[in-house]
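Step one of this worksheet: look at the structure below.
The values are calculated or read from the model by the stated rules, or taken from the named source; none is laboratory data. Predicted model only: the values in this text are computed from it and were never measured. Backbone-built Cβ (ideal geometry, glycine too); neighbour counts: all protein chains shown. Remember, those area values only see protein heavy atoms, side chains included, never the ligands or the DNA or RNA. Shrake-Rupley method; radii C 1.70, N 1.55, O 1.52, S 1.80 Å.
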Amino acid sequence: MSSKKELIISKIRDGVVIDHIPAGRALVVLRLLGISGREGFRVALVMNVESRKLGTKDIVKIEGRELTKDELNLVALVAPTATVNIIRDYDVISKFKVVVPEVIEGLIKCKNPRCITNQQREPIRSRFRVVSRDPLKIVCEYCGTIHELNDIEKSLGVS
């Protein structure tokens, strides 16, 4: 009999596994992806499990769903340590770490109400540049307003 502790969650046939999410952030990731549980996807959520890299981590498995490039960028903003596994016919066909992009365009709204990107008469998409990755700080390229993680989450409606 093995004394090794294992976490047993059934494999998914096709879909995505988001691993190494900072502990307590899995629900934010699900909200960000628009997953409430009513969409029909089979979702497995594990929170606060042991991790050699992070101490504790969260894991999300979503069967029957893939992530777009924009969704991967959003996951990177709120869970920069996450890794993504693409699953096909029960096998991992691709595994990669999310990367906060140098430039974030059109995904989040500037918190400065006077920013030109928030003016209805101006058809300009928001554009942010990464200033710091740890802790995450981005700056609006139009008005210079600095945004931190809590500002980003408010903009995304997940805080």
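Observations on the model:
- Computed from the Cβ-Cβ distance with R0 of 22 Å, the FRET efficiency linking ASN48 to ASP134 stands at 0.55.
- Shape call, region 1-91: gyration tensor on alpha carbons, a/c limit 1.5: oblate
- Sequentially through region 126-137, phi angles give Karplus couplings (6.51, -1.76, 1.60; θ = phi - 60°) of 4, 8, 10, 10, 6, 9, 8, 9, 9, x, 5, 9 Hz, Gly and Pro residues having no value and appearing as x.
- Using alpha-carbon coordinates, inclination of helix 69-78 to the longest axis of the chain, degrees: 90 degrees
- With all protein chains kept in place, the per residue accessible area of the chain amounts to 61 square angstrom at a probe of 1.4 angstrom.
- Checking every one of the trypsin sites (Lys or Arg not before Pro) in region 42-79 against DSSP loop status and a limit of 11 other Cβ atoms within 10 Å picks out ARG52, LYS53.
- Between region 7-36 and region 96-159, the alpha-carbon center distance in angstrom: 24 Å
- Accessible carbon and sulfur surface of the chain relative to its total accessible area, %, 1.4 Å: 49 percent
- Cα gyration tensor category, rounded, prolate or oblate, for region 53-94 with a/c compared to 1.5: oblate
- Remark: relative contact order (region 1-142) = 22 percent; criterion is Cα-Cα distance under 8 angstrom and separation of 6 or more residues.
- Among the chymotrypsin sites (Phe, Trp or Tyr not before Pro) found in region 35-143, those both in a DSSP coil and sparsely packed, with 10 or fewer other Cβ atoms within 10 Å of their Cβ, are TYR90.
- Descending semi-axes in whole angstrom, ellipsoid equivalent of the chain, from the Cα gyration tensor: 33, 17, 13
- Burial order of peptide ranges 21-28, 102-109 (average beta-carbon count within 10 Å, highest first): 21-28, 102-109
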